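I have placed the structure first, in the form of structure tokens, so that the comments after it can refer back to it.
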Amino acid sequence: MLLEVENLNIHFKSDRSKNPIHAVRDLSFSVKQGEMLGVVGESGSGKSITNLALMGLLPDSSLVTAKKAEFNGHNLLSLKDKQWQKIRGREVAMIFQDPMTALNPFLSVQFQMVETIKAHMDISKKDAIDKSIELLSLVGIPSPKDRLKAYPFELSGGMAQRVMIAMAISTNPKLLIADEPTTALDVTIQKQILDLIKMLQERQNMAVVLVTHDLGVVSQYSERLQVMYAGEVVESGPTKDLISHPEHPYTHALLGSRPGALVDNLRRVPKTILPSIPGIVPSFNERPIGCQFSPRCEFVTPECQRSPIPIFESEPAHREYRCIHPIEHVVIK
Amino acid sequence: MKIFIKELFFELKKNKGSMIGIVIIIISCLVAILAPIIAPHDPTNVYTEYLRLPPSFVTGGNPQFFFGTDDLGRDLLSRLIYGSQVSLSVGFAVVLISLVIGTFLGVIAGYFGGFIDKTIMRITDLIMSLPSILFAIVIVAIMGPGITNAIVAVSIVAVPNFVRIIRAQVMAEKNRQYVHAARLFGAGHFRIMFIEILPNCMAPLIVQATLGFSDGILNCAALGFLGLGAQAPMSEWGTMLSDARSYIESSPWMVTLPGVCILVIVLSFNLLGDGLRDALDPRLKKQN
Amino acid sequence: MNNILEVKNLNKVFEIKKFLKKSLSLKALSDVNFTLGQNVTLGIVGESGCGKSTLAKVLTQLEIETSGEIELLGKKYKDYKPREFHSLIQMVFQDPYQSLNPRKKAFDIIADPLRINTDKSEEEIRELVYSMMKKVGLRAEFAQRYPHHFSGGQRQRLGIARALMLRPRVLILDEPVSALDVSIQAQVLNLLLDLQKEFSLSYIFISHDLSVIQHISDKILVMYLGRIVEYGPRDEIFLNPKHPYTKILLESAPTLTVGKQTKEIPESAKGEIPSALYLPKGCAFSPRCPMVTPECLQAIPELLNKDNRLVACFNA
């Protein structure tokens, strides 16, 4: 395993309340070398906080505990700042939702790329420029030599994201964390960027954690899927099984509330009422004791609300779910 | 609005400087209001037998006059206490006048843009291109010395600050979708400017008003010092400073005490203003 | 056929002034023609720079058209008095965080359109506000709260309630669900469908999300760089797209199909959307089009009737 996390908990100190906020609860997952893991969750699900924790970028007001958090032989919990700097950007890289704010607007693409490459590799400036050109053409930027001189504001959103990806893979990282990399982009550009990430993953045998709120985005690209809700993993497993046979009512409802995927050829009758999930995601200080989804779940029983729900495993299919009434076992009314 | 004030106070409490500022401002306000009760003497009463008496805790002092007396034998402590009345009301008047005029012009300039904006902004540029105290002197010189004219002059000088701050804020707000929505249900310009947009520009306005308070006090004191502000026998700190100038070597307390008063009150308002700026800074706050 | 809204040859050009240089003109909308019937939803799809937001602004007269004509209920826009106009056409905005005045209570946000445009007493307004809040699924006790107390979905409900207070015939929805979480999106879409029936509304629904457009629309209008490239009934467009841009758009849309080989986008279609400031001489899509012919580079294709829809392509 390249990355292995067991029982990760993240707390935040808060000015306004005495109890720290429990943002991420008992999160366990692992990523193999060369694999793409899709992480799906709505706002407040804790998916972005988890990423920042993996990069060691959480603020000091946070408290991260875990039974195990190992990346490529490093224990992530005991790393000092200096050691983090060696791993961050070199072994783990990250790309963000908004490439425009991730690039420094006052510096040229060349300056930013060469800086990044030279920070991690012992090569001359000329070699670094050559490598930058090579990387830019790899990520599909036409006339990379000219683009190197450009400033971020001269690039479109899609181009800027390509530059970010080029910078991220410049050190041949073992793991790339992509946090909503296409949310700010147009549909036709989104597909190109996702195709690019997939291509690089296969070519460089790199592991990718693709975080998104859109099930449609991950379903075609990731081998495994992990669904998060209110700071917990509610379900994980191979993408295909998970989407065709969701076990957890939340996954089930999330799939059901999509307004009809196109290639399903009008599977949902247009202009009819969609099966929606009532209510909203509980805020950090209003989370229930038992199952987080229970207030919105149609299959809820008193048992669900009594105590935290453990993870159940179904061994042959590598499926995990945090539910005592998985869909297979409930009679759908 | 209640929640707004509560939140503001919560943020302010974290800032020690601004809390000190608030305490001093409250004390000075109380002193100003209770002046007739707490002042030991009439500030204009002349005790001819006690000229330039040092403070009571220094050798040669008289316990009757805690901070001593001035060159005419008036009790310094009482004059300082009554002086706070003048300074605070001057500050208040200046802020009120410049805030109203500045906000009005700023909203109009920011909202309409174009020719109106250019005209208003060039006039404010003109005022700002001269040192403010010089400009105030010119105005008082034209209108004649006196506390009322000093207030008017200092207010005019303070207007451009408000205009600029409000204009920038209005320009940012007017492209927000809620303004479009208001236009779509037929709200008029006046309504959009003053009912929809203006309440959303309060944060920088509050900060500027606090800082304007100290500027106003300082500028009025300066005019008083130059003999263009409050006239005798009114006890005003700037005027007191000016009257005591010639005795700086023989009776230093006469110069020092009004100076310290001006310093402390201006400093407290600045501390509060800086604290408010931090507390209200939208960049430090989350989007809700 | 009673058309509620009829748009004829609509053009919108923005002049961009440059210091010491020739000013540039940006054609945000070029020759836009369409009609909108009663109870019908027209979905407008396109990527950034296609002019869909400009169209929304022109239709609500937040921006004034450069040329062309718009008729609402058979009467030209310019013949309407403002009051009458505002009560016929209203808009729901994209960003529920920006579209509500943060210093106004929910009640006032909904009540203000009535206060400004009608002579109803405060008592009548109260009644109307509470019944509208109930219709959009907001509890009465929310009336005295400020927008920051509401979640994204609830804010969008508030925005919808405000737009409906004057009982408009046409509602322009500019990306109304794209800022919302998936589970909330469905709630708002359901609400919109309910309200359409109840108030017999005509919708112009603008979105970049094809699955949402597909669900809510009767007719689809696909735009690219200010022009209509394809316009027709939903099923025709989605099941049998004719314009190469529509095809690529549909193939790029994220879908839930697992394991199915995703279609490769033709190499030529990769790359960026060109700037609307420097449009090619012929068809705007020609630089990215996999089916491009010499003809496409010379002239702009007209919007012609082919297979039950209008399409602007020489080779469709």
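The values are calculated or read from the model by the stated rules, or taken from the named source; none is laboratory data. Predicted, not measured: the structure shown is a model, and the values here were computed from it. Don't worry about glycine lacking a Cβ; one is built from the backbone with ideal geometry, like all the others, and counts go over all protein chains shown.
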Here are the criteria: (1) under 20 Å from A:Ser45 (Cα atoms); (2) part of a loop (DSSP other than H, G, I, E, B); (3) more than 7 Å from every other protein chain (Cβ to nearest Cβ). Tell me which single one A:Thr272 does not satisfy.
(1)
Quick one: what pairs do we get from the range B:174-195, first residue more than 7 Å from every other protein chain (Cβ to nearest Cβ) and buried (at least 17 other Cβ atoms within 10 Å of the Cβ), second assigned to a helix (DSSP H, G or I) and of a type in the set (D, E, K, R), C-beta under 8 Å, 6+ apart or different chains?
B:Val179/B:Glu173; B:Val179/B:Glu196; B:Ala182/B:Arg191; B:Ala182/B:Glu196; B:Ala182/C:Asp112; B:Ile192/B:Arg183
Looking only at the range C:134-152, which residues are outside any helix (DSSP H, G or I) and in contact (Cβ under 8 Å) with a residue 40 or more places away in the chain?
C:Val136, C:Gly137, C:Arg145, C:Tyr146, C:Phe150
If you go through C:Arg139, C:Arg155, the only one that is surrounded by fewer than 19 Cβ atoms within 10 Å (Cβ to Cβ) and not hydrophobic (A, V, I, L, M, F, W, C) is C:Arg139
If you go through the range C:134-169, how many residues are touching a Gly at 6+ places or on another chain (Cβ under 7 Å) and within 10 Å of chain B (Cβ to nearest Cβ)?
0
When every residue in the range B:47-57 that is touching a residue at least 24 places away in the same chain (Cβ under 8 Å) and loosely packed, with under 15 Cβ neighbours inside 10 Å is compared, the one farthest from B:Ile217 (Cα to Cα) is B:Glu49
Give the residue, chosen from B:Ala230, B:Ala181, that is farther than 30 Å from C:Lys81 by Cα and touching a Leu at 6+ places or on another chain (Cβ under 9 Å).
B:Ala230
Per the filter on the range B:203-253, residues closer than 15 Å to B:Tyr82 by Cα, polar (S, T, N, Q) and free of Cβ contacts under 8 Å to residues at least 60 places away in the same chain are B:Thr239
Count of residues meeting criterion [part of a helix (DSSP H, G or I) and not aliphatic (A, V, I, L, M)] in the range A:154-196
10
Return yes when A:Pro308 is more than 24 Å from the chain's Cα centre (by Cα) and either modelled with pLDDT under 85 or in a helix (DSSP H, G or I) (or both) and no when it is not.
no
Yes/no for A:Val218 being in a helix (DSSP H, G or I), at the interface with another protein chain (Cβ under 10 Å from one of its Cβ atoms), in contact (Cβ under 8 Å) with a residue 60 or more places away in the chain and within 26 Å of C:Ser207 (Cβ to Cβ)
yes
Take the residues in the range A:233-248 that are buried (at least 24 other Cβ atoms within 10 Å of the Cβ), out of contact with any Phe, Trp or Tyr (no Cβ under 6 Å at 6 or more places or on another chain) and of a type in the set (A, V, I, L, M, F, W, C); name whichever of them is farthest from the other protein chains (Cβ to nearest Cβ).
A:Val233
Got a number for residues in the range A:156-209 being under 21 Å from A:Thr101 (Cβ atoms) and of a type in the set (D, E, K, R)?
4
Sort out which residues of the range C:206-223 are under 15 Å from C:Met91 (Cα atoms) and within 11 Å of another protein chain (Cβ to nearest Cβ), and write them in order of number.
C:Ser207
If you scan the range C:232-246, which residues turn out to be more than 7 Å from every other protein chain (Cβ to nearest Cβ) and surrounded by 20 or more Cβ atoms within 10 Å (Cβ to Cβ)?
C:Gly232, C:Ile237, C:Pro241, C:Lys242, C:His243, C:Pro244, C:Tyr245, C:Thr246
Could you list, in sequence order, the residues of the range A:72-107 that are surrounded by 17 or more Cβ atoms within 10 Å (Cβ to Cβ) and closer than 12 Å to A:Gly56 by Cα?
A:Leu76, A:Leu79, A:Ile87, A:Arg88, A:Gly89, A:Val92, A:Ala93, A:Met94
Report yes if C:Pro274 is over 29 Å from C:Thr60 (Cβ atoms) and within 11 Å of chain A (Cβ to nearest Cβ), otherwise no.
no
Could you please let me know if C:Ile213 is surrounded by 22 or more Cβ atoms within 10 Å (Cβ to Cβ), under 27 Å from A:Ser45 (Cα atoms) and of a type outside the set (Lys, Arg)?
yes
Which of the residues belonging to the range C:95-150 are of a type in the set (Ser, Thr, Tyr) and in contact with a helix residue (DSSP H, G or I) (Cβ under 9 Å, 6 or more places away or on another chain)?
C:Tyr97, C:Ser99, C:Thr118, C:Tyr130, C:Tyr146
Enumerated helices (runs of 4 or more DSSP H) restricted to the range C:185-279, each holding at least 1 residues that are touching a residue at least 24 places away in the same chain (Cβ under 8 Å) and in contact with a Phe, Trp or Tyr (Cβ under 6 Å, 6 or more places away or on another chain):
C:210-216, C:244-252
Select from the range C:86-133 the residues that are surrounded by fewer than 19 Cβ atoms within 10 Å (Cβ to Cβ), free of Cβ contacts under 8 Å to residues at least 40 places away in the same chain and facing another protein chain (nearest Cβ under 9 Å) and list them in ascending order.
C:Ile116
